[in-house]
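Worksheet for the structure shown next.
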Amino acid sequence: MRCESSISLYGVLAAVAALSVASARAQEPGAADADVMRPTRQGLRLTPTLARAIGQIYTAEEIANITEVSEEQAAQMAEGIGRRWRKIVSDGGIELRDACEGCLAMLIESDGQFGPETSRVFAERVQPIVPAMRDFLDGLREDGRRVLTSDQYAELERKLRRDDHDLTRFENKMKRWADGGFKEGEAPRLDHFEPEDGPPLDAEQEVNHSRRLERQARRVAEYQVNRIGPDEWARFLARAKSVFEFDDEQAAKADAILAEYREKAEVIMTSDWRACMLANRMRRRAYNFIHDQPVEPLRWRLDKEYQDASRPIDELGRAFRAAVLALATEPQRRSLLAKIEETATRHGWTLERGDAELLGLAP
């Protein structure tokens, strides 16, 4: 089995997507402190809000996954990561933006399948990204020393040493590709168990890496299973009450609808059903880390099993949301649509015909 590291895809190659979306447009006049994201010719402006969101995702998926942090610590780490993303984009300028967008385009067009010439071009394009990622890891160390306890920081430092190791191997691989050393079947990911581009992980690191992947798989599985059914419906209902400004009578009817559909869902979502769904999603996630075996048929089978098992809940969810939306009066619908159109205009977008129906706001 070959395993991808977080730094190879999330940290380096997924950073391609994050930085490309943000783009160097953060340097435009007046953009540095703008909290409103406006579409530009290259992409979305990296506002403090968007940068903070990137920091929150990284903190939840990478830092909180290796050591328990408080809400205050998570917020401080996310804020620091957001500032560093903005600095990386600003310092990297047009060169970094073009490198990110060029690499992302190649990944999409090639579907990750490279040849001798495309590998050389990709390796040349990715060069400005590697130093940016080293700056990012160094910044994480600084933030970690400031925010985390000594025990928490020790866990973070172990992760960062591994990420440094992985990034070095990735950089060596890209240098080899740039020099024409591409080998058939290679992809821009890290293989921890071949020493060609640097020493592999030691035994302790391999064990910790496997445990970390298992924790990640469980977290993703729990998120996927928990996001369907009554808990998600309750969140939808809370938002509907707020945006439509339901009166007491409408709110009471909406609560009764939720109770009715929750009862229907509980007949399906038994403890055995949940256990099977979690096992399915964990196995599906595990197959993402296997790159030297033909696992696509297994992925397809697991996805189909999951879709078949969740279809009754999805159907109940659609009926529930339709019933809640039906409670809104025509004036409430027009008022909400006007607010959406005003917000869209402020961001430079225009609502088109059919958007009201798409948003569930048509009469």
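Summary table below
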| read-out | value |
| --- | --- |
| Unmet criterion (only one of (1) closer than 19 Å to Leu316 by Cβ; (2) modelled with pLDDT of 90 or more) for Asn226 | (2) |
| Of the criteria (1) surrounded by 12 or more Cβ atoms within 10 Å (Cβ to Cβ); (2) under 30 Å from Lys159 (Cα atoms), which one Tyr223 fails | (1) |
| Boolean, Ala275 is over 28 Å from Glu352 (Cβ atoms), of a type in the set (A, V, I, L, M, F, W, C) and surrounded by fewer than 13 Cβ atoms within 10 Å (Cβ to Cβ) | yes |
| Meets criteria (closer than 23 Å to Thr47 by Cα, assigned by TED's automatic domain parsing to the domain that holds Lys183 and assigned to a helix (DSSP H, G or I)) for Arg120 | no |
| Contacts under 7 angstrom Cβ, first residue in the range 244-260 being more than 18 Å from Ala319 (Cα to Cα), partner in a helix (DSSP H, G or I) and not hydroxyl-bearing (Ser, Thr, Tyr), 6 or more apart | Phe244/Gln332; Phe244/Leu336; Glu245/Gln332; Phe246/Ala254 |
| The range 64-85, residues that are under 11 Å from Gly144 (Cβ atoms), of a type in the set (S, T, N, Q) and not in a helix (DSSP H, G or I) | Thr67 |
| Residue in the range 167-178 that is loosely packed, with under 15 Cβ neighbours inside 10 Å, out of contact with any Leu (no Cβ under 6 Å at 6 or more places or on another chain), hydroxyl-bearing (Ser, Thr, Tyr) and modelled with pLDDT of 70 or more present | no |
| Among the residues listed as Asp91, Asp111, the single one being within 30 Å of Glu155 (Cβ to Cβ), out of contact with any Phe, Trp or Tyr (no Cβ under 6 Å at 6 or more places or on another chain) and either touching a residue at least 12 places away in the same chain (Cβ under 8 Å) or not hydroxyl-bearing (Ser, Thr, Tyr) (or both) | Asp91 |
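The values are calculated or read from the model by the stated rules, or taken from the named source; none is laboratory data. Note that this is a predicted model, so its numbers are computed, not measured. No Cβ is skipped: glycine too gets one built from the backbone with ideal geometry, and neighbour counts run over all protein chains shown.
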